[in-house]
Amino acid sequence: MLERIMRAFVINKPTKAEDVKLTDNPIPQVKSGWVLVKVRTFGLNHSEQILRLQEINEPYIKKPVIPGIECVGEIVDASDSHFTLGQKVIALMGGMGRSFDGSYAEFALLPMHHVFSVESELTWEELGAIPETYFTAWGSLVESLHLRGGDRLLIRGATCALGYAAISLAKAMGASVIATTHREKKSALLEETGADEIILDDSSLKGKIPFVDKALELVGAKTLLDTMQVIKPGSQAYVCCTGILGGIYALDAFDPIKDIPNGVYLTGFFSNYPTQKVIDDIFRFIAEKKIKPKIGKVYDFDNLREACLAQDSGKVSGKIVVRVPL
């Protein structure tokens with residue numbers, strides 16, 4: 001029988017990493033259409049950092065809230081769902097950590113339509129680096145960019161967990177990858193991950209690299225217009241804007257007629273709608289290609305504060321994963 005109390009990180013106002021602390025909270029009661037998951041690991045994400053530092057003030061955020069848009073764990077109460085007790089699952093998005101409590105906790109009550117069964121030989125720590133990061137990378141490359149073997153792909157802002165995942169997947173799909181970073185010391189890590197060419201980004205690439213077939217924009221609006229200028233026009237000339245690492249969320253006075261080059265297609269990827277089929281496809285591909293996620297560092301749940309400090313410092317290369325005790 002479950003204990004009634006769990007530890008969790010709860011916020012209701014902007015919280016710096018040094019102020020992160022765990023508190024005792026009731027384990028949520030199961031309800032129809034929702035399942036209770038024993039969280040084993042979860043990854044830290046940029047969107048959670050934004051929530052913790054500023055977005056928590058927005059009226060659409062449920063407050064107080066437990067952050068966390070993804071987790072890996074086991075079903076401990078299946079309620080009226082199709083899941084079984086002890087089944088290994090991942091969960092992501094759908095309002096996790098914003099509209100309802102997320103994964104920065106020992107247990108998470110989650111809507112069953114955003115919980116997915118997984119079969120994998122990866123460790124719990126490796127699994128913790130997969131859900132949101134690889135789903136977003138996969139969706140951006142497959143659904144939005146229609147990436148094919150032989151494509152020349154630019155990944156702008158590649159030195160983040162999503163960038164590393166996109167490099168690994170793109171290379172396994174047979175594409176060649178040009179990766180950018182504004183930190184020269186990160187170049188070796190990009191090469192180690194599989195990038196064919198590394199460009200030191202000074203916010204302007206136009207005229208500095210040969211045309212590419214497709215681009216994954218992770219810096220966001222800050223560099224999007226420039227990124228579109230290095231795409232070779234054609235029937236498969238896609239730019240997918242997925243990230244907002246540059247801290248600019250919209251383009252002022254955007255003129256689609258003038259700002260999108262002729263013969264270039266601008267799209268995006270919104271990761272709020274995962275499905276079991278896509279999750280199955282991702283894990284099947286990862287297994288077939290023997291892909292190992294790039295984990296920057298693993299922290300125990302007791303050290304969540306230190307994990308958040310590492311996230312805010314930007315010094316960890318790869319996914320930060322938090323391990324939750326049994």
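Based on the alpha-carbon gyration tensor of segment 1-144 and its eigenvalue square roots a ≥ b ≥ c, which shape applies: rounded if a/c is under 1.5, prolate if not and a/b is larger than b/c, or oblate?
Oblate.
Cα extents for segment 165-267 along the principal axes, largest to smallest and rounded to whole angstrom: 39, 30, 24. Taking a straight Cα-Cα cut-off under 19 Å and skipping sequence neighbours fewer than 8 places away in the same chain, the lysines within cross-link reach of LYS38 are LYS88. Ordering ASP202, ASP259 from the fewest to the most neighbouring beta carbons within 10 Å gives ASP202, ASP259. With the cut-off at 1.5 for a/c, could you classify segment 213-275 from its C-alpha gyration tensor as rounded, prolate or oblate? Taking the square roots of the gyration eigenvalues as a ≥ b ≥ c, segment 213-275 is oblate. Computed over the chain, relative contact order equals 18 percent, with contacts defined as Cα pairs under 8 Å that lie 6+ residues apart.
Summary of packing: across the peptides 283-295, 239-251, 106-118, the per-residue average of other C-beta atoms within 10 Å ranks them, highest first, as 106-118, 239-251, 283-295. When peptides 119-129, 158-168 are ranked by their average number of other Cβ atoms within 10 Å per residue, the highest-first order is 158-168, 119-129.
Annotation: average projected area of segment 180-326 is 11.9 square nanometres, based on the convex hull of Cα atoms across all directions.
If one computes P(r) from the Cα atoms of the chain, what percent of pairs lie at distances over 26 Å? All intermediate terms of the calculation are to be shown ahead of the outcome.
Numbers: 24714 of 52975 pairs.
The calculated P(r) of the chain puts 47 percent of pairs beyond 26 Å.
Bear in mind these aren't lab numbers, they're just calculated from the coordinates by the rules spelled out. Values in this document were obtained by computation on a predicted structure and should not be read as measured data. Virtual Cβ from ideal backbone geometry, glycine too; neighbours counted across all protein chains shown.
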